[in-house]
Amino acid sequence: MKLMNYMNLNQHPARFSFYKDRSREFEEIYHAHQGMEILCVHKGQGKVVVEQQIFDIQPGTVFYFKPFQLHRIRIQVAPGQPYVRSLFVFEPSVLAEKLAPFAGLSAFFRAMWKEHGAVQVFRGLDGSGDWDAFLRSGEALLDSGAPDNRLEEQMLFLVSLVHRLKRSGGAASAERPARGRAAELAEQVMEWLEAHYMEPFELDKLAGAVHLSPNHVSAAFRQSVGSSITEYLTARRIRQACWLLKTSPLSVQEIGRAVGLGNFSYFCQLFKRHVGMTPYQFKKLPAPGSEQRD
């Protein structure tokens, strides 16, 4: 299972995919990557796990995920139930520069990018009448544009996209996560892990905190989230390690201890397995946009 993706943002700070049918190649895995991601669901049903909460996916839903934010997408793929989505992954600092002349739009985007605890879902955009036309025209414009102007066209599209999200009324502040006893329990588990992921993990201690047996907790978590508690904990630790490698002066060994992986050799092996490179290689990657853009 790979945790990180879209590493090519180091060469070009934006990657777009319009109306892609992922029904046959969908992978239900944890993601945490350097860019910001806007996901537009056109067809499909499922759930998103983000910020220790579980939300329903329906056609017309738009989610955004912040840089290095751990999230998991679960889609019910079956015959006659395709999963079609558009995906826009980009370096937010590059877009922020383009939005700087527009005070209101810039403030709205910075809240999306940096505000802690903001609900990250928009509903009903497909009912606005021209949402599909907007995406289709953007796809056609980018496909027909000159390669030398690709980044400029992508940023102009993102400016328009953020403007539409803002005009829609902003993120759905009244949105409540998907409910049910198993989902509520899974959210309690994720909240507990958020407070304790930097410590050695003990399932009995977690089970005691939520007043249930270890087997019950493990089964309910897998039912709602689609992974084991250990898989989620590992993804959370590696996500935090990636963040610290890019933002802190700590050594690689200190970062391993800070995320609950005190065995240095094991930390390096686990990181490479999930990220595809060693912690040292990841730490040395240039910042997105620092190289010449294509």
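Of note:
- If you sort the three axes of the alpha carbon gyration tensor as a ≥ b ≥ c, you get a/c of 1.5 or more for the stretch 135-284 and a/b no higher than b/c, which makes it oblate.
- Acute angle (nearest 10 degrees) that the helix 150-167 long axis makes with the longest principal axis of the chain, alpha-carbon atoms: 80
- Counted charge near Phe221, where neighbours are those whose Cβ lies closer than 11 Å (Asp, Glu -1; Lys, Arg +1): -1
- Segment Val159-Met198, extension gain: residue separation times 0.36 nm, minus the distance between their alpha carbons: 10.2 nm
- Taking every C-alpha pair closer than 8 Å and separated by at least 6 residues, the mean separation divided by the residue count of the stretch 7-167 gives a relative contact order of 26 percent.
- Estimated FRET transfer efficiency (Asp130, Glu184; beta-carbon r; R0 41 Å; 0.05): 0.60
- Separation between Cα centres of the stretch 36-109 and the stretch 266-281, rounded to whole Å: 27
- Kirkwood hydrodynamic radius (C-alpha pairs) into Stokes-Einstein, the stretch 7-167, 25 °C and 0.890 mPa s, D in µm²/s: 150
- The chain, helix-only ellipticity at 222 nm - DSSP H runs n ≥ 4, -39,500 (n - 2.57), divided by all residues, nearest 500: -14000 deg cm²/dmol
- Two-site label geometry, Ala146 and Tyr280: point separation in nm, points 7 Å out along Cα→Cβ: 4.5
- Counting only Cβ charges, +1 for Lys and Arg and -1 for Asp and Glu, the dipole size of the chain around its Cα centre is about 260 debye.
- Debye intensity ratio in log₁₀ form over the Cα atoms of the chain, taken at each q of 0.07, 0.09, 0.15 Å⁻¹: -0.28, -0.47, -1.29
Values in this text are rule-based calculations from the coordinates and carry no lab data. Since this is a predicted model, take the numbers as computed values, not measurements. Virtual Cβ from ideal backbone geometry, glycine too; neighbours counted across all protein chains shown.
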